[in-house]
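Working notes, structure below.
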Amino acid sequence: QVQVVESGGGVVQAGGSLRLSCTVSGTIFRINVMAWYRQTPENQRELVASITSGGNTNYADSVKDRFTISRDDAKNTVYLQMNSLKPEDTAVYYCKLTSSVVVTSTYWGQGTQVTVSS
């Protein structure tokens, strides 16, 4: 019923920018947190940035001051603006939706590949 779809990945040179989008469809009554994670074969999936229903944001130290997460409720979309990209940012980026009513439900997107060339 609930679907999370990422888009906007691609190949970019170091120092460049990219904007990822995550669109949510289906019926959901409460979204507590939306977040971006990334994963490489070498590393576990790690939190990149998150935003709460109240608009509070949090960032991993490695992306702080370079990435910006934002939300557009009218479009049911969360964005990740990535600036000053580095080769180490290369990963598959996943969108995560967390809904908490009586229990916590988590929904993941399929991921979008971001490749930063040096």
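The table below gives the values:
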item: Qualifying residues in region 78-98 (those that are over 12 Å from residue 33 (Cα atoms) and in a strand (DSSP E or B)) - the one most open to solvent (accessible area, probe 1.4 Å); result: 81
item: Residue among 114, 101 that alone is exposed (fewer than 12 other Cβ atoms within 10 Å of the Cβ) and touching a Phe, Trp or Tyr at 6+ places or on another chain (Cβ under 7 Å); result: 101
item: Tally of residues being open to solvent by less than 70 Å² (accessible area, probe 1.4 Å) and closer than 17 Å to residue 109 by Cα across region 36-67; result: 10
item: Close pairs (9 angstrom Cβ cut-off, 6 or more residues apart or separate chains): free of Cβ contacts under 8 Å to residues at least 12 places away in the same chain and assigned to a strand (DSSP E or B) in region 49-71, buried (at least 18 other Cβ atoms within 10 Å of the Cβ) and among the aliphatic types (A, V, I, L, M) anywhere; result: 58/35; 58/49; 58/51; 58/69; 59/48; 59/49; 59/69
item: Close pairs from region 9-33: first over 13 Å from residue 81 (Cα atoms) and free of Cβ contacts under 8 Å to residues at least 60 places away in the same chain, partner among the hydrophobic types (A, V, I, L, M, F, W, C) and open to solvent by 40 Å² or more (accessible area, probe 1.4 Å), Cβ under 7 Å, at least 6 apart; result: 23/5
item: Inter-residue pairs, beta-carbon under 8 Å, first over 20 Å from residue 70 (Cα atoms) and in region 86-104, second modelled with pLDDT of 95 or more and among the small types (Gly, Ala, Ser), 6+ apart; result: 86/14; 87/14; 87/117; 88/62
item: Failed condition for residue 74, given (1) in contact with a Lys or Arg (Cβ under 9 Å, 6 or more places away or on another chain); (2) over 16 Å from residue 19 (Cα atoms); (3) of a type outside the set (D, E, K, R); result: (1)
item: Hits in region 1-26 - residues which are under 17 Å from the mean Cα position of the chain (by Cα), among the aliphatic types (A, V, I, L, M) and surrounded by 16 or more Cβ atoms within 10 Å (Cβ to Cβ); result: 4, 18, 20, 24
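The values are calculated or read from the model by the stated rules, or taken from the named source; none is laboratory data. Remember, predicted model here, so these are calculated numbers, not experimental data. Note that we place each Cβ from the backbone using ideal geometry, even for glycine, and neighbour counts take in every protein chain shown. All accessible areas refer to the heavy atoms of the entire protein, side chains included, with ligands and DNA or RNA removed. Shrake-Rupley method; radii C 1.70, N 1.55, O 1.52, S 1.80 Å.
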